[in-house]
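Heads up: the structure comes next, in structure tokens.
The values are calculated or read from the model by the stated rules, or taken from the named source; none is laboratory data. Because the structure is a prediction, the values reported are computed rather than measured. When we count neighbours, we look across all protein chains shown, and the Cβ atoms used for this are built from the backbone with ideal geometry, even at glycine. The protein model used for the area step is the full one, side chains on, heavy atoms only, and it has no ligands, DNA or RNA in it. Shrake-Rupley method; radii C 1.70, N 1.55, O 1.52, S 1.80 Å.
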Amino acid sequence: MLAEPASVLTIIRAALTAPFEQQVSQYLDGRFGISQAAPQEAFVRIAENFKRRGEERFGRAFAYVQDVQDAERSFTNIARCFFNDFFRTNGAPEVTAVFCALDKVWAEALESGPYGVRFDRPTTLAEGDDACRFQFRRTA
């Protein structure tokens, strides 16, 4: 008997996120440049590195568009996403959200830790919107 598609996606999501949760501090450092020794610099590091390091790491498979950048906000839109494009093209758009779940892991770490950053993602390509909006706000 085959599992329901929704339960298969839940299993895959858990398989991807569980190990990632164990390494989230290293991810924050590698992806954003947030040092555990200087968490108060988190917003500045995100503002400097989210777009730049994303472009370096993911290349042209993702399109980053800076929306707002000031002392309190750093908003970057993802207008093209490899995962979204791949799964939509192959008739399985619901799988894209599995990869979006990885963002939730680091976002929760940012908001629950000593970083002074709030993260919102009000729209996603996976939900049919025109962009994934990554919105970081300084809170401290």
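What to note about this one:
- Measuring max minus min along each principal axis, the C-alpha atoms of region 1-102 give extents of 53, 29, 22 Å (largest first).
- Dividing the convex hull volume of the alpha carbon atoms of region 58-107 by its residue count gives 89 Å³ per residue.
- When you count the other C-beta atoms within 10 angstrom of each residue and take the mean per peptide, 36-47, 19-30 line up highest first as 36-47, 19-30.
- Accessible surface calculations at 1.4 Å, restricted to protein heavy atoms, place region 1-81 at 61 Å² per residue.
- Coarse-grained scattering of region 52-140 at q = 0.12, 0.24 Å⁻¹, given as base-10 log I(q)/I(0) from a Debye sum over alpha-carbon atoms: -0.38, -1.31
- Computed over protein heavy atoms with a 1.4 Å probe, the carbon and sulfur contribution to the accessible area of the chain reaches 55%.
- In the calculated pair-distance distribution of region 1-51, the portion above 16 angstrom amounts to 55 percent of the Cα-Cα pairs.
- Near the amide H of Thr123, within less than 5 Å, lie the amide hydrogens of Arg133, all on another chain or at least 5 residues away, with H placed in the peptide plane.
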